[in-house]
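Heads up: the structure comes next, in structure tokens.
Each value in this text was obtained by applying a stated rule to the coordinates, not by laboratory testing. What you are looking at is a predicted structure, and each value in this text was computed from that prediction instead of being measured. FYI the Cβ positions are ideal-geometry reconstructions off the backbone, even for glycines, and counts take in every protein chain you see.
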Amino acid sequence: MTQPWVAALRGAARGRVVVLGIGNDLRADDGAGSLVAQRLRERFPDAVFDGGQAPENQSGPLRRARPDTVLVVDAADFGGAPGQVRVVSGAGDAAGLTLGTHALPIGTFLSALAETTGARVRLVAIQAETTEFGAPMTPAVASAVDDVARELAAVLRPQG
């Protein structure tokens with residue numbers, strides 16, 4: 001049985017799709033989005049960007065990629081079980097998510113990204129268990145990173 005987030009991801013991925021990973025790998029599970037991007041970047045160098053802790057610095061390269069859809073991957077706290085994945089449709093839906101390790105609120109960033117690129121922007125949120133500095137990524141989030149990277153590779157493969 002397909003997980004609901006997988007169906008939502010596949011449904012969101014229309015036209016030219018690019019992926020932006022966000023995260024700080026020094027803060028345990030917060031590195032999830034960047035790790036997803038790192039896993040995909042070699043295979044899809046023109047479609048995958050690692051924004052690290054300053055994703056706004058990728059606005060120019062993302063705009064030049066001319067995407068129809070931008071899938072932003074980041075750790076979040078939406079009250080789910082550690083490693084649970086949720087696809088959020090836009091800035092308004094992201095307003096309730098906590099992503100405390102980034103400079104910009106995620107809803108503000110998603111809105112700005114949509115305006116800058118002219119693309120539909122969706123957030124692929126991975127429920128974090130801990131963002132403790134210096135701690136390793138938890139097993140549940142590491143497993144979710146594997147799952148999200150695999151599904152994104154399938155979405156990106158046709159354009160590859």
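For this structure, a couple of remarks:
- Highest average first, the peptides 139-147, 21-29 ordered by how many other beta carbon atoms sit within 10 Å of their residues are 21-29, 139-147.
- At 1.567 mPa s and 4 °C, Stokes diffusion of the range 1-95 via Kirkwood alpha-carbon radius, µm² per second: 93 µm²/s
- With contributions of -39500 (n - 2.57) from each DSSP H run of at least four residues, the per-residue ellipticity at 222 nm computed over the chain stands at -11000 deg cm²/dmol.
- Computed from point charges on the beta carbon alone (+1 for Lys and Arg, -1 for Asp and Glu), the dipole magnitude for the chain about its Cα centre is near 760 Debye.
- Calculated FRET efficiency, Ala135 to Glu42, Cβ-Cβ distance, R0 = 22 Å: about 0.25 to the nearest 0.05.
- Inverse mean reciprocal Cα-Cα distance (Kirkwood Rh) of the chain, Å: 15.0 Å
- Charge dipole (the chain, unit charges on Cβ, about Cα centre) - positive-most of Val36, Leu9, Phe109: Leu9
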